[in-house]
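Presented below is the structure to which this report refers.
Throughout, read-outs are computed from the coordinates displayed, never taken from laboratory work. Here the structure is a predicted model, which means the values were calculated and not measured. In this analysis, Cβ positions are derived from the backbone assuming ideal geometry, glycine residues included, and neighbour counts consider all displayed protein chains.
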Amino acid sequence: MSQFFEVTCDHCQTWGLFDYRYKCLRCADYDLCARCYKFGLRGVGHDVSHPFQCLLDQGAMELHFAGEPIPDLCADSFTCPNCGELGFSADELMAHVRIRHSDARTAVICPLCVAVPSAHPARVDNLLSHMSIAHHHNPGGGFRLAGTEPPVTHHVLPTSEGPQVRFILPDDQSEEEW
Ligand SMILES: [Zn+2]
Ligand SMILES: [Zn+2]
Ligand SMILES: [Zn+2]
Ligand SMILES: [Zn+2]
């Protein structure tokens, strides 16, 4: 994970983006610093309707996931590059793209690829087929990056204990009086 992003803001031309980086998911190479994004400042050659993926550097991740395990991807949630909807987990985004944008053919940058530290993914024409090839979807096992260790599967052992049978003895039998 990088200490900061070695990119230039395409609006204010600041080099080296700290904490947050906003990457356009439609343009091949378009980034904004947190300040320009926040104030709605946009450079030329970029349509204001383009969705952005927010990426977090090392410091921002530590702040965001304080005390929790830090994920491999430098994002806490994902943006749909087709409709701009925010706040998806990796699995949710893949399900969303499958349901809502199965026939979309807009050139977009995959938010999951872009969140791999120091990756510079190219645009893809068919996000759905890209995702189904490049990103494994393990039902119940969550999302994993290609090349990382598969998640540990916890096998549920069949229980050896059958239902407990109790014998209920009639009580006070011996004290019966004749
Ligand atoms: Zn800027
Ligand atoms: Zn753009
Ligand atoms: Zn969408
Ligand atoms: Zn991808």
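So what's the net charge close to Val7: Lys and Arg +1, Asp and Glu -1, counting the other residues with Cβ under 10 Å from its Cβ?
-2
Could you give the Stokes-Einstein D for the stretch 5-144 in µm² per second, using the C-alpha Kirkwood radius, 37 °C, 0.692 mPa s?
Details: Rh = 15.4 Å.
Approximately 212 µm²/s, per Stokes-Einstein.
Take Leu86 and Leu63, extend 7 Å from each Cα along the Cα→Cβ direction, and tell me the distance between the two endpoints in nm.
It is 1.6 nm.
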